[in-house]
Amino acid sequence: MKHKLQISQNHCQEMLDHIRQQLPLEACGLLAGKNDRVERVMPIRNQAQSPVRFVMDPYQQLQAFDWIDSNGLELLGIFHSHPEGPETASPTDLAEAAYEVVHLVWARMQGAWRARGFWIENGTATEVVLQIVD
Ligand SMILES: [Zn+2]
């Protein structure tokens, strides 16, 4: 279980750019890095094309996993958006979490986007501290 994840302002911006482009649909992607520090944001197409759920395009996901492996990085997290909230992991997120990584949820609350991290295991979410670094 991870207790924190370090993300740069630029990487947050990359996620937000992708999330805004996909509106009103949920957006998703992978976070690769090392030692709890994100080094690469990898947007993945939401195959579900839904405003309330996401399914990562399996082909793009596989390509991303290959890239992560061949660059000596680890899969640290999965991010996705909740265009209409909530700012926590949804029951679907809890049920469908398939990887032991940090689940980053970007929620739009009163027009402002905010990210929170969760570790999901056995259907339970525990908050992970997101450290925004330069
Ligand atoms: Zn969700």
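For the stretch 99-113, a residue qualifies if it is modelled with pLDDT of 95 or more and either more than 10 Å from the chain's Cα centre (by Cα) or within 14 Å of the ligand (Cβ to nearest atom) (or both), and the qualifying residues are VAL102, HIS103, LEU104, VAL105, TRP106, ALA107, TRP113. Within the stretch 88-103, residues that are farther than 17 Å from LEU5 by Cα sit with their Cβ atoms under 6 Å from residues that are within 11 Å of the ligand (Cβ to nearest atom) and assigned to a loop (DSSP other than H, G, I, E, B), at 6+ positions apart or across chains, in these pairs: THR92/ARG53. Scan the stretch 61-84 residue by residue and report those that are more than 9 Å from the ligand (Cβ to nearest atom), within 14 Å of ALA107 (Cβ to Cβ) and either open to solvent by less than 20 Å² (accessible area, probe 1.4 Å) or in a helix (DSSP H, G or I) (or both). If the condition is that a residue be more than 9 Å from the ligand (Cβ to nearest atom), within 14 Å of ALA107 (Cβ to Cβ) and either open to solvent by less than 20 Å² (accessible area, probe 1.4 Å) or in a helix (DSSP H, G or I) (or both), then PHE79, PRO83 are the ones that fit.
The residues on offer are GLU121, GLU84, and the sole one that is more than 14 Å from the chain's Cα centre (by Cα) and touching a residue at least 60 places away in the same chain (Cβ under 8 Å) is GLU121.
Output the residue which, of all residues in the stretch 85-134 that are charged (D, E, K, R) and in a loop (DSSP other than H, G, I, E, B), is surrounded by the fewest Cβ atoms within 10 Å (Cβ to Cβ). My answer is ASP134. Screening MET15, MET1 for residues that are within 16 Å of the ligand (Cβ to nearest atom) and under 25 Å from GLU121 (Cβ atoms) leaves exactly one candidate, MET15.
Please tell me if ASP134 is away from the ligand (no atom under 14 Å from the Cβ) and farther than 24 Å from LYS4 by Cα. For ASP134, the condition - away from the ligand (no atom under 14 Å from the Cβ) and farther than 24 Å from LYS4 by Cα - is not met.
The values are calculated or read from the model by the stated rules, or taken from the named source; none is laboratory data. Values in this document were obtained by computation on a predicted structure and should not be read as measured data. In this analysis, Cβ positions are derived from the backbone assuming ideal geometry, glycine residues included, and neighbour counts consider all displayed protein chains. Note: accessible area is taken over every heavy atom of the protein model, side chains too, but ligands, DNA and RNA are not part of it. Shrake-Rupley method; radii C 1.70, N 1.55, O 1.52, S 1.80 Å.
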